């Protein structure tokens, strides 16, 4: 279960190296994926020195391990569908990508049961449009009428459902810890260094240049990263060429540390990274008469979602709160009233068997939530030219990690995105106010 | 030394991949059913076209060219026991829209991902055997709910299924019109020796009564 300490890190007391070409801040699934792809795509073995800085080797608050573990192609943006298709291919071939000599094969415990999205009259047209685009990208999604839905899943109450979309392949859920462990083991074998500590400062230098319009632009470069080790007031400086911000829920804070957003409002310099931690609750309940083995990950018109967990009629699920309901993200305490008042009624409405259930446990985790358009930020900052972003995925970071890691490695090593065009996901969109809105946030 | 071993591992994986490529040239010339049949025969399996006898290849994986004559005849049954078919190799079988019986017994590379593709055979498939497949778990078995025409399912001897008794009950609930055969886990005592996967494949299916169109054990 999430929150349990794990022995993922050994030798954490070692100091970081004095120099590293790339410093990745954040050792979760996204940070490790970037590390993997950097080493996989480097032109010659050993060419790039990579250091991953992670401040909590138990990953007690990291979004990766607290995730419900879903993967779907049912997004409203083509790039998100493509990322997901690539990621599922990566997961299916995990033991080719992440093989290490003498290492046992990984078992991600993938459940290929798909996602089932339910839409009301209001949302039906958009659902249909999205499915059409998803299919064009190669996803295997079927549309179902309420009658078809009722026949396939008799335990659903189809009242208020106008249309449903159902993933037939390549969607489901898996164990995020196995992926994290597998990545960790692999990147270590590829020569990536790890350091347990917190980044407290960036040493930068500025350079004034004139752009094509003749305006003066202040470009910055990060030269050094200061890492504060646990139980020490001292810091260790690491000289670096590039910093990757994969700090998830804390990536906004990290960006501020580099001076991003510190300028007059309305200017590029004054544009912050709009990523903040948003707390989400996940509840585990038992329901003896609940939906059977074939149950997909269901997301209801009300925003409530659930899936099975194991063989014994246990289920996990929850619901994203409205803006007004947003809980205080200062800690990861669980609000049990939220389940009683905001989750359970909708569960029971949609699945009458859920009227009789018993909650066994619950936990909370963070979305690295992009308040601007609920989508990832990928690639370099336009002014702090050597900070690369890989965060803001607003609840779909785990499932996009393999694709995002590859995208960041491509743009970092080669100067541009190669396989999936992530240009719309660059930081500059916040200043230009060009939203890349993902509508299917669960 | 590590490099050599990584190399050997890669070569093994490449060999399986190569053997699972699509028979698109045959498909274009003779159609999907013949292409699928050739694929299975090359892997050492057996094929039954409608109203014809079972065809299998010899120990050198050679088979009669008479297969190419069955152009308008659909493939009804396939016995791919022990064959090295993988996720991509299934591309050759999934277009067989009249396939009624499929045996994937003891196939070493058939895993949960493979099972997640079988929904494409839902219109025709009536019998399926997954007995002895080392890589299948209950998560893959859950995908079989798509197979609404399934009447017989063999899920015995699956080492990857942690709770075979409970799993069988859940699968039976999931497929109410299907007879589910599992390991008789309640009985102690000596069991039949499991077939050595390295030995030549027993291509000839067990004898069946005349009413059964497929004859796959």
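At-a-glance table
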quantity	calculated
Flag if residue B:78 is at pLDDT 95 or above, in contact with a helix residue (DSSP H, G or I) (Cβ under 7 Å, 6 or more places away or on another chain) and part of a strand (DSSP E or B)	yes
Total residues in segment A:86-131, condition out of contact with any helix residue (DSSP H, G or I) (no Cβ under 6 Å at 6 or more places or on another chain), more than 14 Å from chain B (Cβ to nearest Cβ) and within 18 Å of residue A:29 (Cβ to Cβ)	0
Subset of segment B:173-184 (residues that are loosely packed, with under 15 Cβ neighbours inside 10 Å and either in contact (Cβ under 8 Å) with a residue 12 or more places away in the chain or more than 10 Å from chain A (Cβ to nearest Cβ) (or both))	B:176, B:177, B:179, B:181, B:184
Subset of segment B:127-169 [within 15 Å of residue A:113 (Cα to Cα) and either within 10 Å of another protein chain (Cβ to nearest Cβ) or touching a residue at least 60 places away in the same chain (Cβ under 8 Å) (or both)]	B:137, B:138, B:139, B:140, B:141, B:142, B:143, B:144, B:145, B:146
Qualifying residue in segment B:110-123 (condition: at negative phi, more than 14 Å from every other protein chain (Cβ to nearest Cβ), buried (at least 19 other Cβ atoms within 10 Å of the Cβ) and touching a strand residue (DSSP E or B) at 6+ places or on another chain (Cβ under 7 Å))	no
Selection status of residue B:72, without any contact (Cβ under 8 Å) to a residue 12 or more places away in the chain and part of a loop (DSSP other than H, G, I, E, B)	yes
Failed condition for residue A:51, given (1) assigned to a loop (DSSP other than H, G, I, E, B); (2) modelled with pLDDT of 95 or more; (3) away from chain B (no Cβ under 14 Å)	(1)
Residues being in contact with a strand residue (DSSP E or B) (Cβ under 6 Å, 6 or more places away or on another chain) and under 23 Å from residue A:405 (Cα atoms) - total across segment A:228-253	14
Qualifying residue in segment A:324-342 (condition: in contact with a helix residue (DSSP H, G or I) (Cβ under 8 Å, 6 or more places away or on another chain), away from chain B (no Cβ under 14 Å) and under 30 Å from residue B:112 (Cβ atoms))	no
Set A:132, A:152: member being touching a strand residue (DSSP E or B) at 6+ places or on another chain (Cβ under 8 Å) and free of Cβ contacts under 8 Å to residues at least 40 places away in the same chain	A:152
Answer residue from segment A:285-301, given it is crowded, with 17+ Cβ neighbours inside 10 Å and more than 14 Å from chain B (Cβ to nearest Cβ) and is nearest to residue B:172 (Cα to Cα) among those	A:287
Per-region count, segment B:1-54, residues outside any helix (DSSP H, G or I) and more than 14 Å from chain A (Cβ to nearest Cβ)	16
Selection status of residue A:74, part of a loop (DSSP other than H, G, I, E, B) and surrounded by fewer than 21 Cβ atoms within 10 Å (Cβ to Cβ)	no
Verdict on residue A:359 being surrounded by fewer than 17 Cβ atoms within 10 Å (Cβ to Cβ) and touching a strand residue (DSSP E or B) at 6+ places or on another chain (Cβ under 6 Å)	yes
The lone exception for residue A:295 - which of (1) farther than 24 Å from residue A:127 by Cα; (2) more than 21 Å from the chain's Cα centre (by Cα); (3) in a loop (DSSP other than H, G, I, E, B) it fails	(1)
Boolean, residue B:94 is free of Cβ contacts under 8 Å to residues at least 60 places away in the same chain, touching a helix residue (DSSP H, G or I) at 6+ places or on another chain (Cβ under 9 Å), assigned to a loop (DSSP other than H, G, I, E, B) and within 14 Å of chain A (Cβ to nearest Cβ)	yes
Filtered residue count, segment A:254-267, keeping only those that are more than 21 Å from residue A:227 (Cβ to Cβ) and in contact with a strand residue (DSSP E or B) (Cβ under 8 Å, 6 or more places away or on another chain)	0
The listed residue being more than 23 Å from residue B:77 (Cβ to Cβ) and either surrounded by 15 or more Cβ atoms within 10 Å (Cβ to Cβ) or within 15 Å of the chain's Cα centre (by Cα) (or both), out of B:8, B:16	B:16
Restricting segment A:265-284 to residues that are surrounded by 22 or more Cβ atoms within 10 Å (Cβ to Cβ) and closer than 25 Å to residue A:166 by Cβ, the residue that is farthest from the other protein chains (Cβ to nearest Cβ)	A:280
Qualifying residues in segment A:343-356 (those that are touching a helix residue (DSSP H, G or I) at 6+ places or on another chain (Cβ under 7 Å) and touching a residue at least 24 places away in the same chain (Cβ under 8 Å)) - the one surrounded by the fewest Cβ atoms within 10 Å (Cβ to Cβ)	A:354
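The values are calculated or read from the model by the stated rules, or taken from the named source; none is laboratory data. Here the structure is a predicted model, which means the values were calculated and not measured. Positions of Cβ are backbone-derived with ideal geometry, glycine not excepted, and every protein chain shown enters the neighbour counts.
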